[in-house]
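As structure tokens, the structure follows; a few thoughts come after it.
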Amino acid sequence: MNIKGNTQSKRLNFWEKIYLPEVVKGLAITIKQAAQPKMTRQYPEEVFEPDGSYRGRPVLVLEEEGERCVACGLCSRVCPALAIEVRAGETERRKERFPELFEINMLRCIFCGFCEEVCPEEAIVMSKDNEMVFEDREEAILGKDKLLIPIAQLQDRLDFLREKQYYNHN
Ligand code: SF4
Ligand code: SF4
């Protein structure tokens, strides 16, 4: 090894000087990788169907009796992006309070899942929905009409949360 000043250089042998073995090694890696299963997806022709661990846009759980949310406001308080706005109203139904207004600003949401984790009613969960297109800022603020999703469509996520013991407030 020659050391001149601060620079170091290594004496190369014949094969190293012509680079051929390294080129062959590189090609072998490329060919090996080309034979591996493809990781790319021809979206949107091939639809992505994630499992319950996926965190898509947050939504509200809708049961037969109505929404689960009792408008406690915890999700709104914990949201680091200040994306959730809840206004409570009173009702005669099974639960005394319900969200008169519930909005999530999807331009702010960072899909952290804190709202889901903190909810005492298992009323807000991360769905599988990952297809969001907005033409203006107003459209990105989702109200109850877009947030309330029937529980049957959210069962995978609810099962996943129970299995991983996210919910321990029972
Ligand atoms: S979604 Fe859950 S945490 Fe948020 S206001 Fe409703 S009950 Fe409270
Ligand atoms: S996922 Fe995170 S950022 Fe999005 S609304 Fe819930 S708490 Fe807020």
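The values are calculated or read from the model by the stated rules, or taken from the named source; none is laboratory data. Computed from a prediction, not measured in an experiment: that's the story for all the values here. Note that each Cβ is placed from the backbone with ideal geometry, even for glycine, and that neighbours are counted across all protein chains shown. Areas reflect the complete protein model, heavy atoms only, side chains present, ligands, DNA and RNA absent. Shrake-Rupley method; radii C 1.70, N 1.55, O 1.52, S 1.80 Å.
General remarks:
- Residues of the stretch 130-168 classified as within 15 Å of SER53 (Cβ to Cβ) and within 17 Å of the chain's Cα centre (by Cα), total: 11
- Here ARG55 clears all of (1) assigned to a loop (DSSP other than H, G, I, E, B); (2) without any contact (Cβ under 8 Å) to a residue 40 or more places away in the chain; (3) open to solvent by 100 Å² or more (accessible area, probe 1.4 Å) except the condition numbered (2).
- Within the stretch 61-85, being touching a helix residue (DSSP H, G or I) at 6+ places or on another chain (Cβ under 7 Å) and either away from ligand 2 (no atom under 11 Å from the Cβ) or assigned to a loop (DSSP other than H, G, I, E, B) (or both) holds for VAL61, LEU62, GLU63, CYS79, PRO80.
- Those residues of the stretch 122-163 which are surrounded by fewer than 16 Cβ atoms within 10 Å (Cβ to Cβ) and either of a type in the set (Asp, Glu) or touching a helix residue (DSSP H, G or I) at 6+ places or on another chain (Cβ under 6 Å) (or both), in sequence order: ASP129, GLU131, PHE134, GLU135, ASP136, GLU138, GLU139, ASP145, ASP159, GLU163
- Qualifying residue in the stretch 86-102 (condition: more than 15 Å from ligand 1 (Cβ to nearest atom), within 29 Å of GLU49 (Cβ to Cβ) and outside any loop (DSSP other than H, G, I, E, B)): no
- Single condition GLU45 does not satisfy, out of (1) in a loop (DSSP other than H, G, I, E, B); (2) among the charged types (D, E, K, R); (3) open to solvent by less than 60 Å² (accessible area, probe 1.4 Å): (3)
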